[in-house]
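Read the structure below first, then the notes.
The values are calculated or read from the model by the stated rules, or taken from the named source; none is laboratory data. No experiment lies behind these values; they were computed from the predicted model shown. Note: ideal-geometry Cβ built from the backbone for every residue, glycine included; neighbour counts use all protein chains shown. Accessible surface areas use protein heavy atoms only, side chains included; no ligands, DNA or RNA. Shrake-Rupley method; radii C 1.70, N 1.55, O 1.52, S 1.80 Å.
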Amino acid sequence: FFFFQAEDGIRDFCLSRGLGDVYKRQLLAHEEATKVKTIGMIEMGHFRCETWYFSPYPEGYHDIECLYICEFCLSFYVSRPELIRHLEKCILTMPPGNEIYRHENVSVFEVDGHKNPTYCENLGYLAKLFLDHKTLHWDIEPFLFFVLCESDEHGHHFVGYFSKEKESTQGCNLSCILTLPFYQRKGYGKFLITLSYELSVIEGKIGTPERPLSDLGRESYISWWTQRIIQFIRDRKGEPFSIADISKATMIKDS
């Protein structure tokens, strides 16, 4: 199984072991193989949208106009009749994990990559269609996936997610983040960022997202960091403070 790793994370890993040439060949091969997307669009639930980037789905799922995806288990099919046959048998109506948050029709589920490898692998394939700055790499078992859903009488519909390593040696509280295009501009990206830092508060660990960030990710993070720091300053009501005080109160890493 494979999952996303920030490209500079791969570089650091390789260079620290004297594998600079290995990294260069790996990155060049990845760039060459992913210049052209091979899936035109996806259909998922009531939505259909164009894809943005290449994703290394298995053989037989490339050079197609549309990929049909089950919004509950994230299985994928090359035709709508195949998806319909699957939906008649699919038993999932929510992600295969523990529900850790619920407010009105919004829920978040924690999914363990070790316990649910197929679901998380499918999630990785889907996310790569809309993420350019991540490379499919590494075993997914060391990761947790926090899946955001909107719910109705039919079940919990996939909106987006973020992932994080169970034990990050670099102090990262988020590895990858995505809100599907048809759910963007609704505040879900900032909600997921807030959740990642709330988990840092619970763990008592100052955190930061993996780099590089996508353009949309960078925009969201700068806005979130700015608002959080401004709120901290307002709460101080003129009292002096240090950078360390900001980090301790917000769990934002000074970097």
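For this structure, a couple of remarks:
- Loop trypsin sites (Lys or Arg not before Pro), the stretch 105-179 (other Cβ atoms within 10 Å of the site Cβ: 15 or fewer; DSSP): 115, 166
- Area of residue 104 that stays accessible when all protein chains are in place (1.4 Å probe, Å², to 10): 150 Å²
- If R0 equals 35 Å, the separation of the Cβ atoms of residue 245 and residue 222 corresponds to a calculated FRET efficiency of about 0.95.
- Net dipole in debye of the stretch 130-196 [+1 Lys, Arg Cβ; -1 Asp, Glu Cβ; about Cα centre; nearest 20]: 320 debye
- Solvent exposure, largest accessible area first (probe 1.4 Å, DNA, RNA and ligands not counted), of 215, 245: 215, 245
- Using the Cβ-Cβ distance between residue 182 and residue 88 with R0 = 22 Å, the FRET efficiency computed as 1/(1 + (r/R0)^6) comes to roughly 0.35.
- Sites residue 48 and residue 100, calculated FRET efficiency, Cβ-Cβ separation with R0 35 Å, nearest 0.05: 0.70
- When the residues 237, 190 are ordered by accessible surface, computed with a 1.4 Å probe over the protein chains alone, the sequence from largest down reads 237, 190.
- Translational diffusion coefficient of the stretch 31-99 (Stokes-Einstein, Kirkwood radius from Cα pairs, 37 °C, 0.692 mPa s): 251 µm²/s.
- The residues 224, 52, sorted by heavy-atom accessible surface at 1.4 Å with ligands and nucleic acids left out, run 52, 224 from largest to smallest.
- Here the gap between residue 202 and residue 229, fully extended at 0.36 nm per residue and compared with their Cα-Cα distance, gives a gain of 7.8 nm.
- Cα-centre dipole for the stretch 76-155 with unit charges at Cβ (Lys and Arg positive, Asp and Glu negative), debye to 20: 260 debye
- The magnitude of the dipole of the stretch 139-255, with charges of +1 and -1 set on the Cβ of Lys/Arg and Asp/Glu and taken from the Cα centre, is near 520 debye.
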